[in-house]
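Visitor: Okay, handing you the structure first.
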Amino acid sequence: MEALIIRNLSKNFNIKGREVKALNNVNLSIKEGSFTSIVGKSGCGKTTLLKIICGLEQQTEGEINFGQTIRELDRAKRVGIVFQEPRLMPWLTVEQNMAFPLTKNRDKEEVYYIVHKYLDMLGLESFKDAYPAQISGGMAQRVALGRTLCYDPEVILMDEPLGALDAFNRRKLQNEFINIFRENNKTIIFVTHDVEEAIYLGQKVVVLDKGSILSEIPVSLGYYRDAASLEFIRLREQIMDQLLST
Ligand SMILES: Nc1ncnc2c1ncn2[C@@H]1O[C@H](COP(=O)(O)OP(=O)(O)OP(=O)(O)O)[C@@H](O)[C@H]1O
Ligand SMILES: [Mg+2]
C-alpha cells in the first residue's frame with residue numbers, strides 16, 4: 001500500500017520578481033513502511049519537497065494524496081520532520097525539548113520512559129539538563145532527531161539530519177535509523193546530498209536535479225550494507241554519473 005502519492009507537483013518561488021522553479025512536475029509514490037532516500041545537489045529542491053509533503057509550504061501545481069491510513073486532517077500528527085537545522089527551544093533543556101511534543105495527555109512516567117529511551121540511544125543522557133546554547137551543533141541535531149522520534153509519527157521526513165555530525169556519530173546514527181525503521185514499521189523519507197549515505201540507507205534512491213526526478217533506483221542490498229561491495233560501488237558510480245552529466 002502507498003503511504004503517499006505525489007502527482008505532477010511543481011513549486012515556483014518569486015524572488016524579487018524573478019521566478020525560481022524549485023520543483024518541476026515531480027511524480028513519486030512512497031510505499032508504506034519503506035525507506036526512501038532523496039539525493040541531489042544543493043538547491044535542487046529537496047527541502048521544498050519535504051516542506052510541501054508535511055504541509056509547511058503550499059505547492060504551485062499538483063497534488064499529494066496520502067494513503068488510507070493518513071487523512072488530510074491527521075497530517076500534522078502523522079507526519080514528522082527533522083529539519084536541516086535543529087530549531088530547538090533555547091529556554092528548555094535537552095530533556096524538555098525532547099519531551100515537548102509529548103506532554104499532552106500522557107502520564108509523567110510514560111514521558112520519562114520514552115524520552116530516556118531516545119536520550120540513551122542518541123548518546124545524550126549526560127547532557128539532558130543542558131540548554132541548547134551549552135551543547136555542540138551535532139548534539140543539538142541529535143536532540144532535534146530525538147524530539148521527532150519521541151513524537152513517533154508514522155511518516156518521518158528527514159532533511160539532511162546528519163550533516164552536522166562527525167563521521168563516527170554519523171555512521172552510528174545511520175545504523176540507528178535502520179534499526180528504528182526495521183523495528184517500528186515506519187515510512188521514512190531521508191534527504192541528503194551524500195550519495196553514499198543515500199545508498200547506505202534507502203531501499204530506493206530518488207535522484208533529484210533542478211527540481212525534477214532524474215531517476216528512481218531500487219537498492220536490493222540487505223542491511224547493514226557494505227560500502228565497499230561491488231554492487232554498492234556500482235550504484236554509487238551510476239548516481240554520480242547521472243548527477244555529473246546534468
Ligand atoms: N522561501 C523561499 N523563497 C524563495 N525561494 C526559495 C524559498 N525556499 C527555497 N527557495 C528556492 O528554491 C530552490 C530550492 O531550494 P531548496 O531549499 O528546496 O533546496 P535544497 O535541495 O534543499 O538545497 P540544500 O541542499 O542546499 O539544502 C532554491 O533555488 C531556493 O533559492
Ligand atoms: Mg535543503
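The numbers here are math on the coordinates, done by the rules we state, and not lab data. Bear in mind that the values here come from a model prediction, so they are computed numbers and not experimental data. Virtual Cβ from ideal backbone geometry, glycine too; neighbours counted across all protein chains shown.
Visitor: Using 0.36 nm times the number of residues separating Trp91 and Asn12, minus their current alpha carbon distance, what extension gain do you get?
Guide: 24.8 nm
Visitor: Among Ser10, Leu214, Asn27, pick out the residue whose Cα is farthest towards the positive end of the charge dipole of the chain, where Lys and Arg carry +1 and Asp and Glu carry -1 on C-beta, about the Cα centre.
Guide: Ser10
Visitor: Okay, next question. For the chain, what class follows from the C-alpha gyration tensor (a ≥ b ≥ c being the square roots of its eigenvalues): rounded when a/c is under 1.5, otherwise prolate if a/b is larger than b/c, else oblate?
Guide: Note, shape of the chain comes out prolate.
Visitor: Ok, one more. Run the numbers on the chain and let me know its relative contact order in percent, using alpha-carbon pairs under 8 Å that are six or more apart.
Guide: Numbers: 444 pairs, mean separation 64.5, N = 246.
Computed value for the chain: 26 percent relative contact order.
Visitor: Please check: in the Gaussian network model of the chain (C-alpha springs, under 10 Å), which one of Ile53, Ile233, Ile38 has the largest mean-square fluctuation.
Guide: Judging by the Gaussian network model, the answer is Ile233.
Visitor: Build a GNM of the chain with springs between Cα atoms under 10 Å: which of Asp107, Asp129, Asp209 gets the top mean-square fluctuation?
Guide: Result for the chain, Cα springs under 10 Å: Asp107 fluctuates most.
Visitor: Output ³J(HN,Hα) for the stretch 6-21: one whole-Hz value per residue in order, computed from phi by the Karplus curve 6.51 cos²θ - 1.76 cosθ + 1.60 with θ = phi - 60°, and x for Gly and Pro.
Guide: Ordered by residue, 3J(HN,Hα) equals 9, 10, 6, 7, 10, 9, 10, 10, 10, 10, 6, x, 9, 8, 10, 8 Hz.
Visitor: Select from the chain the helices, each a whole stretch of DSSP H, whose alpha-carbon atoms run 30 Å or more along the helix axis and whose Kyte-Doolittle mean is at least 1.6; answer none if there are none.
Guide: none
Visitor: With the cut-off at 20 Å, report for the stretch 145-246 the share of all Cα pairs above it, as a whole percent. Each step should come with its number before you reach the end.
Guide: Values: 2062 of 5151 pairs.
When all Cα pairs of the stretch 145-246 are counted, 40 percent exceed 20 Å.
Visitor: Assign one of three labels to the stretch 134-176, namely rounded, prolate or oblate, based on the Cα gyration tensor with a ≥ b ≥ c the square roots of its eigenvalues; rounded applies when a/c is under 1.5, prolate when it is not and a/b is larger than b/c, and oblate otherwise.
Guide: Details: a/c = 2.08, a/b = 1.40, b/c = 1.49.
Since a/c reaches 1.5 but b/c is at least a/b, the shape of the stretch 134-176 is classed as oblate.
Visitor: Under a plain spin-label model, where a point goes 7 Å from the Cα along Cα-to-Cβ, how far apart in nm are Asn65 and Met1?
Guide: According to this spin-label approximation, the distance is 1.5 nm.
Visitor: Run the paramagnetic zone check for Gln238: 7 angstrom along Cα to Cβ, then residues of the stretch 205-226 with backbone nitrogen under 18 Å.
Guide: Under 18 Å, as judged by backbone N against the label point of Gln238, lie 205-209, 213-223, 225-226 of the stretch 205-226.
Visitor: Counting alpha carbon pairs within less than 8 Å and at least 6 residues apart, what relative contact order, in whole percent, applies to the stretch 87-153?
Guide: Reported as a whole number, the value is 51 percent.
Visitor: Now for a separate question. Among Asn169, Asn14, Asn27, whose mean-square fluctuation peaks in a Gaussian network model of the chain (Cα, cutoff 10 Å)?
Guide: Sorting by GNM fluctuation, first place goes to Asn14.
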